[in-house]
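Here's the structure, in structure tokens; my notes come after.
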Amino acid sequence: MLLLAALVPGTALAQPRAFTCVGAEHLEEDVFAIPFARGATAPGEAARTNLAAAVERAKREPERNLCVLGHAGPQEGGAQSGLQLAAKRAGEVAAALAKLGIERDRIRAEARRAAFARGAVPEERSVTVVLMPVVPGAARPAEGTEAPARPPARAPEAERPAARP
């Protein structure tokens, strides 16, 4: 990517946000199921409503990151091809979110086992978009501003009350 920035003037390198999707499958709030047709790698017309709802919520809360968890079941191939299908689905939904205005550095796409899918669609034929909770101190400051200074972990020696004998 560094080479691309050197070759194309004006190309900025995005600084990825440091976050993880560990535990995303256990969250129950702000979870959106994106349905897929059997064997499909791109979301169809049925996905539009939940995708739009995820985008709307993500735009209202720009400090929250999104985990896009792709799922595919054993009926859609063996373990390896199912995992590849799940990864492709997650990638397609992540690209759709970015196309709809969500900053790409807020999105992580991962393949997961179908047991973690949520929604009315068969679990193995969906992608789950999870808006992650804000981690205190992890939000990036707005461009051109600095993060507020954090107070020291403990008070300086001169400000501590004297111990009584």
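Computed values, structure above
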quantity: Selected residue [in contact with an Asp or Glu (Cβ under 6 Å, 6 or more places away or on another chain) and either surrounded by fewer than 19 Cβ atoms within 10 Å (Cβ to Cβ) or among the hydroxyl-bearing types (Ser, Thr, Tyr) (or both)] from Ala42, Ala37; calculated: Ala42
quantity: Matching residues, the stretch 13-34, being surrounded by 17 or more Cβ atoms within 10 Å (Cβ to Cβ) and assigned to a helix (DSSP H, G or I); calculated: Ala24, Glu25
quantity: The listed residue being out of contact with any helix residue (DSSP H, G or I) (no Cβ under 8 Å at 6 or more places or on another chain) and closer than 12 Å to Leu131 by Cβ, out of Leu66, Leu83, Leu27; calculated: Leu27
quantity: Qualifying residue in the stretch 11-30 (condition: of a type in the set (A, V, I, L, M), modelled with pLDDT of 90 or more and closer than 20 Å to Ala98 by Cα); calculated: no
quantity: Test: residue in the stretch 78-101 that is assigned to a loop (DSSP other than H, G, I, E, B), at positive phi and modelled with pLDDT under 70; calculated: no
quantity: Failed condition for Ala72, given (1) at pLDDT 95 or above; (2) farther than 13 Å from Met132 by Cα; (3) surrounded by 20 or more Cβ atoms within 10 Å (Cβ to Cβ); calculated: (1)
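The values are calculated or read from the model by the stated rules, or taken from the named source; none is laboratory data. Fair warning: this is a prediction, and the values are worked out from it, not measured in the lab. Cβ: placed from backbone, ideal geometry, glycine included. Neighbour counts: every protein chain shown.
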